[in-house]
Amino acid sequence: MVQAQTHRGPDVANTYCSKNNEHALGHNRLSIIDLSEHGNQPMFSPDKRYVMVFNGEVYNYRELKTALQHSYSFTSQTDSEVVLAAWIIWGPECLQKMIGMFSFAIWDTQQQTLFAARDRFGVKPFYYHLSDTSLYFASEIKTLWAAGIPKTKNDKVWANYFSHGSYGLPHETFWKGVQQLPAGYCLTYDAASGVHTRQWYSFTQRVQTLIDKQEDSITEQYEALLRESIRLRFRADVPVGFNLSGGVDSSTLLALVNQCYPNAPIEAYTFYTGDERYDELPWVQTMIQQTNNPLIACKFSVHDVPSMITAVSIAQDEPFGGIPTLAYANLFKEARNRGTKVLLDGQGMDEAWAGYDYYHNNNNQTIQGITQSPYAPHILEDEFRTLATPEQYPAPFSCPMMNLQFRDLFYTKIPRALRFNDRISMMFSTELREPFLDHRLVELAFSRPKEEKWHNGNTKWFLRNLVSKYLGDTISYAPKRALQTPQREWLSGALKEMVLAHLQTVDTSGYFKKGEVFKQYQTFCANPVQSVNIWQYVNFALLL
């Protein structure tokens, strides 16, 4: 299992096994904070009662360590030891005090019980398999397969994917017998009673509290939180850079990074394809001219697709978003080659500030810029198609727009984007941090009235006003553009031979009516307007 996910932590790999070999923990370390051996895992409490494996970063570890130092004798400078100490001293309540991305498990050798938890938005993964006699858990699904868990498709999730574009509910995966611990949940396990999960983070309660005590102006408070969030995520003992596109979210990240670190220009990374219809490089260069950050522009060409698509599919274990994900993966490859082990990006602003067009035009889609479903469920085999039922998502707020935002934060966009991004960053042994997904920022933005999110046809109105003083109106009030590649043109043109080979696999899978995927592809090639379902078929073939 440890060998299967070496890419997640190539610096050190260690295991713990109990004396009777009934219990084992393994860990792959990517050294970011305290690079010494004192940060290696599995990590033991001083009395050896507790053993922990931890993935992620708790950014406020220094502050937590100060609060704990009179009750616990620390031997390292790592945030991992702070997590272990916080659990020992505070118990499950420690989760409420942590700011960060984390997935960890602590085995109590005395009580023979396991406690595990996942961060508020599920930035870091936690997969598990439960049988009558055992529990397996891991950061990636392939790690469970390495343990002998069968690779069997979860047909209901696949049917919904092809029919509605959904990626499963928070506890589901595309594979039978493999579950996820949902974001903001914790888990306990012992051999007698099995697994029990509970929600430890209630986003709706926290947001409702902010709505009830609505302040007239939050500009100073929000900007201070933005600065703090970025400073916390620059805590590392290795080089840190950030990802940049041409949108207002990246503009905000660029502005605040340079406000926080004015005398140390931080490297900015962006990708481009050389196709001016899609590339954001001119916008990025305009932004960079104002700040003089070193810019590393990573070109991704159609010739890079065949090798990268195979590697990324292996890394993902489940379907992913398309060729833009491949281009983004190439960016992490370049960063790692240049010695940058940590990157920041702007994920989360659109969901917090209602930045997608469908929040405001009532079409209930989950993809920016479309008005009708791009899927073709009619070509599925009838028995398989009957398994598909549209997911029903909670609607805990009185405001319809907020309910769409909530859906995207916990059920659709954010869960899948975080999974895509975690796998492609970790496949090149780099860590991705999302300062805009600091829970305090998301809660505050989400709670604000609609007029601060949508004004005069502009989304994210509050945010645009905030960043305009740093980067000017041209950049701050630019219309939203999806980060894209020439996927339609490449799939219908230069990659045609590759697509046809994968469609042959799909056609014989038993999930589709014979010949129908080829008809779909012929129709697409004649008028390559929308490529979502073609990408699905290719992606499916790669995962079989």
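The values are calculated or read from the model by the stated rules, or taken from the named source; none is laboratory data. Source: prediction; values computed, not measured. Here the Cβ positions follow ideal geometry from the backbone for every residue, glycine too, while neighbour counts run over all protein chains shown. What goes into the accessible areas is simple: the full protein's heavy atoms, side chains included, and nothing from ligands, DNA or RNA. Shrake-Rupley method; radii C 1.70, N 1.55, O 1.52, S 1.80 Å.
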Can you put K156, K450, K413, K213 in order of accessible area, largest first, using a 1.4 Å probe? K213, K450, K156, K413
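Order the peptides 528-538, 175-185 from the highest to the lowest mean number of other Cβ atoms within 10 Å of their residues. Can you show the working numbers first?
Numbers: 528-538: 19.3, 175-185: 20.8.
Packing proxy ranking, top to bottom: 175-185, 528-538.
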Excluding same-chain residues fewer than 8 positions from K299, which lysines have a Cα within less than 25 Å of its Cα? K333, K341, K480, K496
Karplus-derived 3J(HN,Hα), 6.51/-1.76/1.60, for each residue of segment 15-24, Hz, glycine and proline x: 9, 10, 10, 5, 4, 8, 6, 8, 10, 8
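Order the following by accessible area, largest value first: L253, L225. Probe radius 1.4 Å; ligands, DNA and RNA are ignored.
On the way: L253 0, L225 25 Å².
Descending order: L225, L253.
Rounded to the nearest 20 debye, what is the charge dipole size of the chain about its Cα centre when +1 sits on each Lys and Arg Cβ and -1 on each Asp and Glu Cβ?
For the chain, the charge dipole is close to 240 debye.
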Using DSSP, restrict attention to beta bridges with both residues in the chain and report what percent are antiparallel, rounded to the nearest 5. 75 percent
Starting with the highest mean, order 270-276, 287-293, 461-467 by the number of other Cβ atoms within 10 Å, averaged over the residues of each peptide. 461-467, 270-276, 287-293
Can you tell me the dipole magnitude for segment 188-296 around its Cα centre, using point charges on the Cβ only (Lys, Arg +1; Asp, Glu -1), in Debye to the nearest 20? 340 debye
Probe 1.4 Å, all chains present, heavy atoms only: Y61 accessible area in Å², nearest 10, is 20 Å²
Leaving ligands, DNA and RNA out of it, rank E334, E383 by accessible area with a 1.4 Å probe, largest first. E383, E334
Whole-Hz Karplus couplings 3J(HN,Hα) for segment 175-191, θ = phi - 60° and coefficients 6.51, -1.76, 1.60, Gly and Pro as x, run 10, 4, x, 10, 10, 10, 7, x, 4, x, 10, 10, 9, 10, 8, 8, 4
Computed accessible area, Y167, all protein chains, 1.4 angstrom probe, square angstrom: 50 Å²
Relative contact order for the chain using alpha-carbon pairs under 8 Å, separation at least 6, rounded to a whole percent? 15 percent
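Accessible area per residue, 1.4 Å probe, Å², for the chain: what's the number?
Details: 21950 Å² over 544 residues.
So the chain comes to 40 Å² accessible per residue, rounded to a whole number.
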Rolling a 1.4 angstrom probe over the protein chains, ignoring ligands and nucleic acids, what is the accessible area of R118 in square angstrom, nearest 10? 20 Å²
